[in-house]
Amino acid sequence: NIREEAARLRGPEHDFSAWYVPFPPTPDDNPNERYSLDEVVYRSSSGGLLDVCHDMEALARFPGSYWRDLFDSRVGRTTWPYGSGVWSKKEFVLPEIDSDHIVSLFEGNSNLFWAERLGREHLGGMTDLWVKHCGISHTGSFKDLGMTVLVSQVNRLRRAPLSRPINGVGCASTGDTSAALSAYCAAAGIPAIVFLPADRISLQQLIQPIANGATVLSLDTDFDGCMRLIREVTAELPIYLANSLNSLRLEGQKTAAIEILQQFDWQVPDWVIVPGGNLGNIYAFYKGFEMCRVLGLVDRVPRLVCAQAANANPLYRFYKSGWTEFQPLVAETTFASAIQIGDPVSVDRAVVALKATDGIVEEATEEELMDAMALADRTGMFACPHTGVALAALFKLRDQRIIGPNDRTVVVSTAHGLKFTQSKIDYHDRNIKDMLCQYANPPINVKADFASVMDVLQNKLNGKI
């Protein structure tokens with residue numbers, strides 16, 4: 001039993017701890033306001049967001065080299081729960097949780113793909129371009145990293161001695177959050193309730209929570225409408241809220257930043273480009289990098305870029321206004337459906353991350369994101385539309401000479417391309433209205449005889465056969 005073996009091998013316990021604090025602190029907040037992670041609370045007393053704060057003094061008693069060596073020693077192992085890319089950094093995530101309460105599907109440890117050909121042939125000779133394939137995680141998306149933390153904490157709350165009356169976990173979703181929540185709740189035996197906007201997510205995303213046994217409500221509204229409803233429901237019923245309003249998820253998501261540092265042997269990249277919808281991701285990456293800087297694992301943080309679809313770009317508009325006033329909007333339909341959000345919960349978090357890293361916000365039209373996705377696929381990837389948004393932002397920043405040809409750049413791929421196959425089918429069939437689909441590669445209908453096949457191949461390969 002790997003849990004029993006883990007308990008036998010468990011090292012000495014340390015007095016690391018974490019708690020909730022208001023984010024960002026405001027004059028209306030009590031400077032001493034803090035909450036235990038064992039409390040069911042999502043907002044500060046003034047109605048603002050919360051953030052998980054770690055006892056940095058306790059962690060700093062160990063040098064950065066200790067943490068680097070410890071985290072590296074756990075990679076690729078099956079010792080519970082450290083085989084997970086998230087829980088291999090347990091001290092930086094949920095230091096006080098008992099390992100027996102952790103619900104893990106050995107998420108994370110995702111591939112850092114060297115996009116050599118894309119950079120060399122299509123981005124002006126970029127030699128140090130990488131794509132962090134978070135979509136190869138258990139349910140095919142980045143959301144697993146945060147959901148393992150949230151569901152583990154719910155598992156802790158429901159079990160003795162806390163025995164909190166939590167009857168289920170609920171979320172509003174544009175697809176990937178619901179898949180992650182449903183899988184982890186199914187593994188833990190906890191009921192999951194999912195609110196989805198009707199006809200606005202892919203069938204591949206829809207089938208995941210259904211297959212995992214979640215209660216799925218398809219609602220005639222958009223994501224923002226689903227979000228309002230789930231907040232009302234969780235305020236009345238003993239259902240734990242799993243959306244990124246809940247800052248626990250960000251503790252798991254930040255480990256992707258630490259993984260990137262590990263994969264570069266603790267060298268810091270120059271740029272990290274993240275697709276942005278509800279905007280928790282960009283802050284999670286900042287938090288992971290900054291925590292490593294403060295504790296001496298690295299000496300700096302990368303510049304961050306938040307990439308938004310032009311049809312759902314409230315942060316981009318806020319950035320272009322000089323951060324003067326944020327205006328939510330009604331998001332229009334985009335192929336990048338998981339970031340089709342007009343009133344993001346974590347906008348304040350994103351602003352903090354971008355200002356602290358001299359960051360940039362860029363947007364991509366539907367044609368730009370689909371062409372970028374298709375071009376990446378032609379160099380060996382199988383990207384999702386959200387990755388297409390991030391890649392399109394990279395193309396623009398290279399054209400503007402903001403990102404240089406020798407800058408080490410990481411594009412975060414948040415989901416697996418197999419979850420969005422219909423968009424790829426429509427693109428390669430040139431079946432998208434008002435879109436040229438310049439990199440479409442449809443199958444060629446050929447008669448089943450040798451001469452016809454040879455004619456096509458000689459034409460296709462320019463007589464080189």
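Some values worked out for this structure:
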item	result
Residue that is modelled with the lowest pLDDT [pool: residues in region 219-243 that are open to solvent by less than 20 Å² (accessible area, probe 1.4 Å) and assigned to a loop (DSSP other than H, G, I, E, B)]	Asn243
Filter pass, Val216 being closer than 26 Å to Leu37 by Cβ, open to solvent by 10 Å² or more (accessible area, probe 1.4 Å) and more than 20 Å from the chain's Cα centre (by Cα)	no
Residue in region 265-276 that is at pLDDT 95 or above, out of contact with any strand residue (DSSP E or B) (no Cβ under 6 Å at 6 or more places or on another chain) and open to solvent by less than 10 Å² (accessible area, probe 1.4 Å) present	no
Hits in region 439-465 (condition: of a type in the set (A, V, I, L, M) and open to solvent by 30 Å² or more (accessible area, probe 1.4 Å))	Ile444, Val446, Ala448, Ala451, Val453, Met454, Val456, Leu457, Leu461, Ile465
Ala256 of a type in the set (A, V, I, L, M, F, W, C), within 19 Å of the chain's Cα centre (by Cα), open to solvent by less than 20 Å² (accessible area, probe 1.4 Å) and over 18 Å from Val103 (Cβ atoms)	yes
Qualifying residues in region 319-361 (those that are crowded, with 18+ Cβ neighbours inside 10 Å and of a type in the set (S, T, N, Q)) - the one modelled with the highest pLDDT	Thr357
Residue that is surrounded by the fewest Cβ atoms within 10 Å (Cβ to Cβ) [pool: residues in region 51-61 that are without any contact (Cβ under 8 Å) to a residue 60 or more places away in the chain and not aliphatic (A, V, I, L, M)]	Glu57
Looking only at region 126-152, and only at residues there that are of a type in the set (S, T, N, Q) and surrounded by 24 or more Cβ atoms within 10 Å (Cβ to Cβ), the one that is nearest to the chain's Cα centre (by Cα)	Ser141
Tally, over region 246-260, of residues that are touching a Leu at 6+ places or on another chain (Cβ under 7 Å) and either outside any helix (DSSP H, G or I) or not β-branched (Val, Ile, Thr) (or both)	8
Residue selected from region 400-440 under the condition among the hydroxyl-bearing types (Ser, Thr, Tyr) and assigned to a loop (DSSP other than H, G, I, E, B), by the criterion modelled with the lowest pLDDT	Thr414
Search result, residues across region 104-125 that are touching a strand residue (DSSP E or B) at 6+ places or on another chain (Cβ under 9 Å) and either open to solvent by 20 Å² or more (accessible area, probe 1.4 Å) or assigned to a strand (DSSP E or B) (or both)	Asn111, Leu112, Phe113, Trp114, Glu116, Arg120
Residue check for Lys396: assigned to a helix (DSSP H, G or I), within 22 Å of Leu123 (Cα to Cα) and touching a strand residue (DSSP E or B) at 6+ places or on another chain (Cβ under 8 Å)	yes
Lone unmet requirement of (1) more than 30 Å from Lys460 (Cα to Cα); (2) open to solvent by 50 Å² or more (accessible area, probe 1.4 Å); (3) among the hydrophobic types (A, V, I, L, M, F, W, C) for Leu436	(1)
Pairs with Cβ under 9 Å, 6+ apart, first in region 38-50 and of a type in the set (S, T, N, Q), second open to solvent by less than 40 Å² (accessible area, probe 1.4 Å) and part of a strand (DSSP E or B)	Ser44/Tyr20; Ser44/Val21; Ser44/Pro22; Ser44/Phe23; Ser44/Leu50; Ser45/Pro22; Ser46/Pro22
Filter result for Gly296 (modelled with pLDDT under 95 and assigned to a loop (DSSP other than H, G, I, E, B))	no
Odd one out for Val40, checked against (1) outside any helix (DSSP H, G or I); (2) modelled with pLDDT of 95 or more	(2)
Qualifying residue in region 156-169 (condition: crowded, with 24+ Cβ neighbours inside 10 Å and either touching a Phe, Trp or Tyr at 6+ places or on another chain (Cβ under 8 Å) or under 14 Å from Ala338 (Cβ atoms) (or both))	yes
Members of region 403-432 that are under 27 Å from Gln262 (Cβ atoms) and open to solvent by 50 Å² or more (accessible area, probe 1.4 Å)	Pro405, Asn406, Arg408, His416, Leu418
Enumeration of residues in region 27-72 that are under 24 Å from the mean Cα position of the chain (by Cα) and of a type in the set (Ser, Thr, Tyr)	Tyr42
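Residue-by-condition table, conditions (1) aliphatic (A, V, I, L, M); (2) more than 27 Å from Leu162 (Cβ to Cβ):
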{"position": "His14", "(1), (2)": "no, no"}
{"position": "Glu33", "(1), (2)": "no, no"}
{"position": "Leu37", "(1), (2)": "yes, no"}
{"position": "Phe71", "(1), (2)": "no, yes"}
{"position": "Trp80", "(1), (2)": "no, no"}
{"position": "Phe106", "(1), (2)": "no, no"}
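The values are calculated or read from the model by the stated rules, or taken from the named source; none is laboratory data. Predicted model, so just to flag it, every value in this text is computed and none were measured. Every residue, glycine among them, receives a Cβ derived from its backbone with ideal geometry; neighbour counts consider all protein chains shown. Ligands, DNA and RNA are stripped out before the accessible areas are found, and what is left, the full protein with its side chains, is counted by its heavy atoms. Shrake-Rupley method; radii C 1.70, N 1.55, O 1.52, S 1.80 Å.
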